[in-house]
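Please read the structure below before turning to the comments.
The values are calculated or read from the model by the stated rules, or taken from the named source; none is laboratory data. Since we're looking at a predicted model, the values are computed, not measured. Using ideal geometry, Cβ is built from the backbone for each residue, glycine included, and neighbour counts are taken over all protein chains shown. What goes into the accessible areas is simple: the full protein's heavy atoms, side chains included, and nothing from ligands, DNA or RNA. Shrake-Rupley method; radii C 1.70, N 1.55, O 1.52, S 1.80 Å.
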Amino acid sequence: MSYKMMTKDELKRLRSELLSEYEEKKSQGLDLSMARGKPETSQLDLSMPMLEIIKPDTPFKGEDGMDMRNYGVLSGTAEAKRFFADMLDVSLENILIYGSASLALMYDTISRAYIKGICGSEPWSRLEKVKFLCPVPGYDRHFTICEFFGIEMISVPMDDNGPDMDMVERLVSCDPLIKGIWCVPKYSNPNGIVYSDEVVRRFAALKPAAEDFRIYWDNAYCIHHLYRDRQPEILNIVSECEKAGNPDMVYEFCSTSKITFPGSGVSAMAASKRNIDETVAMMSVQTISHDKLNQLRHVMFLPTQKALKEHMMKHADIMRPKFEAVLEMLEKELGGLGIASWTKPLGGYFISFDSMEGCAKKIVSMCKDAGIVMTDAGATYPYGNDPKDSNIRIAPSFPPIDELRKACEVFIICVKLASIEKILSI
């Protein structure tokens, strides 16, 4: 029965029962986390053979003739470029290989725009203001980069197809201070949305007022499927921008951070040759080359797209039961109560949960008091300000499944209690 249909006396009796359950959970001294989307140990174990794949007799000379043990090849080895070009379905000339994490690549890309500008445009540091569009709920680290550089963030609502493109088109076309938009286009963080073909085409056809406007296309989860037989496709933003006559308008980012070892992977950017050439020229001041031995390890360990896909299905076999366990518990305990909704993603690392308005911070706080760490309420919105105080990001990946179930039990109790308090206060 929906809580809103219950009498106040019924709700008070239920609250009393739930408070007893909550206190019992608190007494257990739990120390569990559903906060960050980290792979668990068994996922990391999948890539352990990569650490022994390079031997003293390994051929270290790449197909371009470069000794991978030495300086050189700032834009990345030909083998690593081909790996990412095949994964993202772009040409080799559209790929730049970077260091271990795409977050650093995204930060540096913004930093270079601030210091030197983009393709001859005025450096952002000389402007009175810089603005970014931010689809919400979204990735907190994108927002943190913006805050660090003092970029004004404008929230753009999402639906099941992606960002509100009417709003995006209107704002981008009339305001030259809007220099970019953050996007996680496939299995978006946190709601697991896959952008529709229409949304991708409308992105590619944007007519921005700012000549240095760029789409920051963080395709972090492009191959992070949960199911073999349900793997939605998404249009290629690089080729769509080319078709629309806007080849320079997108920077696409990805990495192997959750494919192999987080923090020890290889990252890459796909973009037009003009964007790549400019980025490499500025990178040459910063470094001589990135870790080519790590690039070599990765292409030896995952030599073909078939090998990559099979490797990702091993991840999926570990992740899928966790997602299904959480979704099953949410449906069983909260379905039909009229107090919450949640996404059912086919990939990625998160479940987006929406409580009743005004309840998210209380739920997360109660969970913390009971030993369950969640991502801070509001983190999925710019400046940590969720205007409805309702969105909570659930990350099922890291805890073992028995611990995950215990954490979910506490979370569900907290959701019920916070909802009852909200209804009784109305």
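Numbers at a glance
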read-out: In Hz, Karplus ³J(HN,Hα) per residue of the range 258-274 (6.51, -1.76, 1.60; θ = phi - 60°; x = Gly, Pro); value: 10, 8, 10, 10, x, x, 10, x, 10, 10, 8, 10, 10, 6, 5, 4, 4
read-out: Mean separation of Cα contacts under 8 Å, 6 or more apart, over the residue count of the chain: relative contact order %; value: 26
read-out: Vicinal HN-Hα couplings computed from phi for the range 45-53 (Karplus, 6.51 cos²θ - 1.76 cosθ + 1.60; Hz; Gly/Pro x); value: 4, 4, 9, 4, x, 5, 6, 10, 7
read-out: Accessible surface of the chain [probe 1.4 Å, protein heavy atoms]: carbon and sulfur percent; value: 50
read-out: Reciprocal mean inverse distance between Cα atoms of the range 145-241 - Kirkwood radius, Å; value: 14.3
read-out: When each of 186/306; 243/344; 4/361; 322/388 is checked by Cα-Cα distance, pairs over 23 Å; value: 243/344; 322/388
read-out: Interatomic Cα distance distribution for the range 216-261, bins of 5 angstrom, percent; value: 5, 17, 22, 21, 17, 11, 6, 1
read-out: Set of lysines near residue 8 by C-alpha distance (under 17 Å), chain-local residues within fewer than 8 positions excluded; value: 416, 422
read-out: Computed label-point distance, nm, for sites residue 149 and residue 48 using a 7 Å Cα→Cβ extension; value: 4.1
read-out: Along principal axes, Cα extents of the range 63-138, largest first, whole Å; value: 48, 30, 21
read-out: Å² per residue, accessible surface of the range 258-352 at 1.4 Å; value: 40
read-out: Over 12 Å [Cα-Cα, the range 136-189], rounded percent; value: 68
read-out: Compactness of the range 253-393 - radius of gyration and Dmax, Cα, Å; value: 20.6, 59
read-out: Estimated dipole of the chain in Debye, rounded to 20 [Cβ of Lys and Arg +1, of Asp and Glu -1, Cα centre]; value: 340
read-out: Debye intensity ratio I(q)/I(0), log10, the range 321-410, q values 0.10, 0.11, 0.12, 0.16 Å⁻¹ (C-alpha model); value: -0.23, -0.28, -0.34, -0.62
read-out: Å² per residue, accessible surface of the range 69-112 at 1.4 Å; value: 38
read-out: Expected-Rg normalisation [2.2 N^0.38 Å, Cα atoms] applied to the range 295-355; value: 1.60
read-out: Interatomic Cα distance distribution for the chain, bins of 20 angstrom, percent; value: 25, 53, 21, 2
read-out: Förster radius 35 Å - calculated FRET efficiency between residue 16 and residue 305, Cβ distance, rounded to 0.05; value: 0.05
read-out: With Cα atoms, 0 to 90° folded angle of helix 8-26 axis to the chain main axis; value: 60
read-out: Accessible-area order (highest first, 1.4 angstrom probe) of the listed residues 218, 9; value: 9, 218
read-out: Where 48, 300, 313 fall by accessible area, highest first, once all protein chains stay in place (1.4 Å); value: 48, 300, 313
